[in-house]
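Have a look at the structure below, then the notes.
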Amino acid sequence: MKQQAYTFSYEIYSGVEELTKADADLLLKAREVTENAYAPYSNFKVSAVALLNNGNILTGTNQENASYPVTICAERVLLSAISSVYGNEPINTLAVSYSSKNSNKPISPCGMCRQMLAEYEERTNQPIRIILSGMKGEVYIINSVTDLLPLTFSGTALK
Ligand code: THU
C-alpha cells in the first residue's frame, strides 16, 4: 500500500484594497453584477466575471427557475457564454462574488461548476486563477481550478 497526500495553497487578503488594480477591478465588477442574478427562490445572487487572454471581460450570474433543477449557476452561465462568443479563448482570471443577507465569507464554486471549469482549463491549456469574495471583506485567490478538484475526471478517460 502506498499513501498519497494532496495539499494546495491559496492566498487570503483582508480586503479588495490589498489586491492589484486589475484584480480589484474584476472583483468590483463581480460585486456589481450580482444585481443581474435571477434568484427569486434562494435570494442568493451569484456572479462570475472572467478576464480573457484577449483582454475582453464577460459576466455571468445565476439563473434560477421555478422548476429548481433547471437553475444554472453563475459560473456555468459564464463558461457557456465565453465558449459561445469566443470559442476556446483562455481565461486569465475568474472572479466569483455573491450577495446574500447572511454572509460575506468567500464562497467557492459548487462541484458541478468545478467539473466544467476544469474541462475549460484543460481544453484551453491554461490554468484559471480564481478570485473569491463576498460583497465585502476577505478575498481568496486560488491559482488553478484543478487545485479545487483533485483526481479530476476528464475526457481523456473516454478515449
Ligand atoms: N450558485 C451559483 O451560482 N454558483 C455556485 O457555485 C453555488 C451556487 C447558485 C445556484 C442557486 O441559484 C443559488 O446559488 C443557491 O444555491
**Fill in**
Here the membrane-span-like helices of the chain, with no claim about any membrane, defined by DSSP H, Cα axial extent at least 24 Å and mean Kyte-Doolittle at least -0.5, are none
**Item:** Sulfur and carbon atoms: percent of accessible area, the chain [1.4 Å]
**Value:** 53 percent
**Complete:** So GLN4 and ASN53, fully extended at 0.36 nm per residue minus their Cα-Cα distance, gain in nm 14.2 nm
**Request:** Pick out which of VAL49, VAL33, VAL85 has the largest mean-square fluctuation in a Gaussian network model of the chain, springs linking Cα atoms closer than 10 Å.
**Result:** VAL85
**Fill in**
Quick calc, the chain, dipole around Cα centre from Cβ unit charges on Lys, Arg (+) and Asp, Glu (-), nearest 20 debye, gives 300 debye
**Which of ALA81, ILE91, GLN63, positive extreme of dipole for region 12-149 (C-beta unit charges)** = GLN63
**Item:** Separation in nanometres of the label points that stand 7 Å from Cα toward Cβ, at SER103 and GLU18
**Value:** 2.0 nm
**Fill in**
To the nearest Å², the heavy-atom accessible area per residue of region 1-77 with 1.4 Å probe amounts to 62 Å²
**Prompt:** When every alpha-carbon pair in the chain is counted, what percent end up more than 21 Å apart?
**Reply:** 45 percent
**Request:** Go ahead and estimate [θ] at 222 nm for the chain from helices alone: -39,500 (n - 2.57) per DSSP H run with n ≥ 4, summed, over the residue count, rounded to 500.
**Result:** -8000 deg cm²/dmol
**Request:** Using Cα centres only, tell me the gap between region 2-21 and region 80-123 in whole Å.
**Result:** 17 Å
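The values are calculated or read from the model by the stated rules, or taken from the named source; none is laboratory data. Because the structure is predicted, anything quoted here is derived from the model rather than measured. Cβ sites come from the backbone with ideal geometry, for glycine too, and all protein chains shown count toward neighbours. Ligands, DNA and RNA are stripped out before the accessible areas are found, and what is left, the full protein with its side chains, is counted by its heavy atoms. Shrake-Rupley method; radii C 1.70, N 1.55, O 1.52, S 1.80 Å.
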